[in-house]
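Visitor: The structure's right below; bear with me while I get my questions together.
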Amino acid sequence: MENNAIRFACNGCGICCKGRLIPLTLNEARQWLQRGHEVAVILEAFDETTWASAPGQFTHSAQRAVKVTSGDAQIRVVAVLAGNALAQCQNLADDGRCGIYEERPLVCRIYPMEINPFIALRPAEKICPPEVWEAGEVLFTDRVVDPVLADQIERSRQADRDDAQAKIQVCEALGMNVAAWKNDALAVYLPDRTQLSEAISRYDGGSVAPARADWKVRADTPALRLQLGQAGVALDDQPSTRYIFHRL
Ligand code: SF4
Ligand code: SF4
């Protein structure tokens, strides 16, 4: 077991606070917006018929998703709320430290571990400098060693499941109803901060309308378009400035 041990000692370099989107729970997104920072929304769709990975991975994804109607089909949609740190996180202080350390999101607490249990920890694939893997406490053997870290990871996963319906309803309330297809592309929205904050507040107050039935999928790959079209999925054919379509 010890032969497989992965050691890790964060050196506080702050590289993981730059050039990325920071996945947030709904409550973390609420706080992020209250601090005056921007939250992006990523919409991802899938269904059983095109699922290429193991069945266990489908269950994991389905638990984070909501079943919605798209044209004549039933698809599942995941909404990911993410702090915009594409340049750098707005909470990163001038001294390179986290300005909200005690309140930082779960995903920041668990890095370099992943929320997705199907992504293995491979140091070479992480953005941390190489030297941080050569010292420190054992982080991982065949499981997460630190019970506090294991608890934070589980809380992240549970929040994904608990927040799924609320996030989709907030998206619908703001007209964000076009998703990209899983493993093909990302549909990234950058909603107005105030409108998103108000929509989340309305959800908290129980006044967001229930799910509508007009979800669409943006797919540019001819084979995927054909496949989805034959399945009755409504495709978004109009060029849109409402979201950024990023092919994978
Ligand atoms: S919240 Fe803090 S730890 Fe997380 S990305 Fe921002 S600066 Fe880094
Ligand atoms: S990139 Fe890695 S070593 Fe650097 S602050 Fe983030 S977790 Fe720590």
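Visitor: So which of Ala73, Ala124 ends up being over 17 Å from the mean Cα position of the chain (by Cα) and either surrounded by 14 or more Cβ atoms within 10 Å (Cβ to Cβ) or within 12 Å of ligand 1 (Cβ to nearest atom) (or both)?
Guide: Answer to the selection: Ala73.
Visitor: Oh, and also: Any idea which of (1) within 16 Å of ligand 1 (Cβ to nearest atom); (2) surrounded by 13 or more Cβ atoms within 10 Å (Cβ to Cβ) is the one Tyr101 doesn't satisfy?
Guide: (2)
Visitor: Out of curiosity, is Pro105 within 15 Å of ligand 2 (Cβ to nearest atom), modelled with pLDDT of 95 or more and of a type outside the set (Val, Ile, Thr)?
Guide: The answer is yes for Pro105.
Visitor: Count, please, the residues in segment 7-54 that happen to be within 23 Å of Arg155 (Cα to Cα) and among the polar types (S, T, N, Q).
Guide: 4
Visitor: Which ones in segment 76-97 are more than 24 Å from Asn116 (Cα to Cα) and surrounded by 14 or more Cβ atoms within 10 Å (Cβ to Cβ)?
Guide: Matches in segment 76-97: Gln90, Asn91, Leu92.
Visitor: Name the one entry in Arg30, Arg20 that is within 16 Å of ligand 1 (Cβ to nearest atom), buried (at least 16 other Cβ atoms within 10 Å of the Cβ), more than 23 Å from Ala120 (Cα to Cα) and among the basic types (Lys, Arg).
Guide: Arg30
Visitor: Which condition from (1) more than 12 Å from ligand 1 (Cβ to nearest atom); (2) under 26 Å from Phe46 (Cα atoms); (3) at pLDDT below 95 is the one that Asn84 breaks?
Guide: (1)
Visitor: Within segment 33-55, take every residue that is exposed (fewer than 14 other Cβ atoms within 10 Å of the Cβ) and polar (S, T, N, Q) and give me the one that is farthest from Tyr101 (Cα to Cα).
Guide: Among those that are exposed (fewer than 14 other Cβ atoms within 10 Å of the Cβ) and polar (S, T, N, Q), it is Thr49.
Visitor: Something else about it: Scan segment 56-68 for residues that are surrounded by 16 or more Cβ atoms within 10 Å (Cβ to Cβ) and touching a Lys or Arg at 6+ places or on another chain (Cβ under 9 Å) and jot them down.
Guide: Those that are surrounded by 16 or more Cβ atoms within 10 Å (Cβ to Cβ) and touching a Lys or Arg at 6+ places or on another chain (Cβ under 9 Å): His60, Ser61, Ala62, Arg64, Ala65, Val66, Val68.
Visitor: To continue, here is another question. Looking at Thr25, Thr50, which one is at pLDDT 90 or above and more than 11 Å from ligand 1 (Cβ to nearest atom)?
Guide: Thr25
Visitor: Of the numbered conditions (1) surrounded by fewer than 19 Cβ atoms within 10 Å (Cβ to Cβ); (2) farther than 30 Å from Ala52 by Cα; (3) touching a residue at least 12 places away in the same chain (Cβ under 8 Å), Phe245 satisfies every one except a single condition; which is it?
Guide: Condition not satisfied by Phe245: (2).
Visitor: Quick one: how many residues across segment 84-107 are touching a Phe, Trp or Tyr at 6+ places or on another chain (Cβ under 9 Å) and within 18 Å of Arg155 (Cα to Cα)?
Guide: 1
The values are calculated or read from the model by the stated rules, or taken from the named source; none is laboratory data. The model shown is predicted, which means the values in this text are computed figures rather than measured ones. Cβ: placed from backbone, ideal geometry, glycine included. Neighbour counts: every protein chain shown.
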